[in-house]
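Written below as structure tokens is the structure these notes are about.
The values are calculated or read from the model by the stated rules, or taken from the named source; none is laboratory data. It should be emphasised that the depicted structure is a prediction, and the values quoted were computed from it without experimental measurement. Quick reminder, even Gly has a Cβ in these numbers, built from the backbone with ideal geometry, and neighbours come from all protein chains shown. Calculation scope for accessible area: heavy atoms of the full protein, side chains included, ligands and nucleic acids excluded. Shrake-Rupley method; radii C 1.70, N 1.55, O 1.52, S 1.80 Å.
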Amino acid sequence: MSVKLEKCEHADLKQLQAISIETFNETFKDQNSPENMKAYLERAFHEQQLEKELANLDSAFYFIYYEEEIAGYLKVNVNEAQSELMGDESLEVERIYVRHQYQGKGLGKYLMNKAIEEAVAQNKKSIWLGVWEKNDSAIGFYQKIGFVQTGAHSFYMGDEEQIDLIMTKTLAKMLWQKR
């Protein structure tokens, strides 16, 4: 199994947009109306929106490659880029998207390990994410690797209000303590 990560750059915008739409649609189209999916996809993954996110120095995107093919990506945020005010000691995992045909190969765990590595490198004390309350497989995955629910917030899919669970993992003191 050949797996590698590469940080996304502005030149990757079109690929990032395509994989964002593909993976989000694969995951959520069956649980949401076509109108709400269309509205969300157009807003969240519009070219100008992704350009803005890629340019933000407090955010980072990483493509994951499996056997030389882009299998998904990770987006992490710190400081003001976080979607909730969680403080300077936290890193947000905003997106872990893995294309359907690559799921079940350990790539989600690989991406999460990259997020934890980033958090440790930046001396963060915790890592957190939001996950749709109806996404049982993702919730189970996060619980299995040590995340616990610490709150909830609203997420809008088009005009429909949904609930995201906020899940947090505290990093061991020895990992984040400055050496």
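Answer yes if at least one residue in region 70-81 is hydrophobic (A, V, I, L, M, F, W, C) and in a helix (DSSP H, G or I), and no otherwise. Talk me through it step by step, then tell me what you get.
Taking region 70-81 first, the residues hydrophobic (A, V, I, L, M, F, W, C) are 70-71, 74, 76, 78, 81.
With in a helix (DSSP H, G or I) added as a condition, the list becomes 81.
So far as region 70-81 goes, yes, one or more of its residues are hydrophobic (A, V, I, L, M, F, W, C) and in a helix (DSSP H, G or I).
Quick one: count up the residues across region 48-69 that are part of a helix (DSSP H, G or I) and more than 18 Å from the chain's Cα centre (by Cα).
Total satisfying the criteria: 1.
Kindly list the number of the only condition in (1) more than 19 Å from Tyr156 (Cα to Cα); (2) open to solvent by 80 Å² or more (accessible area, probe 1.4 Å); (3) among the acidic types (Asp, Glu) that fails for Asp58.
That leaves (2) as the condition not met.
For region 82-100, which residues satisfy the criterion of being outside any loop (DSSP other than H, G, I, E, B) and open to solvent by less than 40 Å² (accessible area, probe 1.4 Å)?
Answer for region 82-100, where residues must be outside any loop (DSSP other than H, G, I, E, B) and open to solvent by less than 40 Å² (accessible area, probe 1.4 Å): Ser90, Leu91, Glu92, Val93, Arg95, Ile96, Tyr97, Val98.
Taking the options Gly151, Gly108, name whichever one is of a type in the set (Gly, Ala, Ser), open to solvent by less than 30 Å² (accessible area, probe 1.4 Å) and not in a helix (DSSP H, G or I).
Gly151
Within the set of pairs 6+ apart or on separate chains, which have a first residue in region 31-55 that is under 28 Å from Asp136 (Cα atoms) and in contact (Cβ under 8 Å) with a residue 24 or more places away in the chain, a second that is part of a loop (DSSP other than H, G, I, E, B) and open to solvent by 100 Å² or more (accessible area, probe 1.4 Å), and C-beta atoms under 8 Å apart?
Qualifying pairs under 8 Å: Gln31/Lys134; Asn36/Asp159; Ala39/Asp159.
Spot the failing condition for Thr23; the list is (1) assigned to a loop (DSSP other than H, G, I, E, B); (2) in contact with a Phe, Trp or Tyr (Cβ under 6 Å, 6 or more places away or on another chain), and only one is missed.
Result: Thr23 fails condition (1) only.
Give me a count of the residues in region 29-47 that are in contact with a helix residue (DSSP H, G or I) (Cβ under 7 Å, 6 or more places away or on another chain), open to solvent by less than 60 Å² (accessible area, probe 1.4 Å) and either modelled with pLDDT under 95 or part of a helix (DSSP H, G or I) (or both).
Going through region 29-47 one residue at a time, the tally reaches 3.
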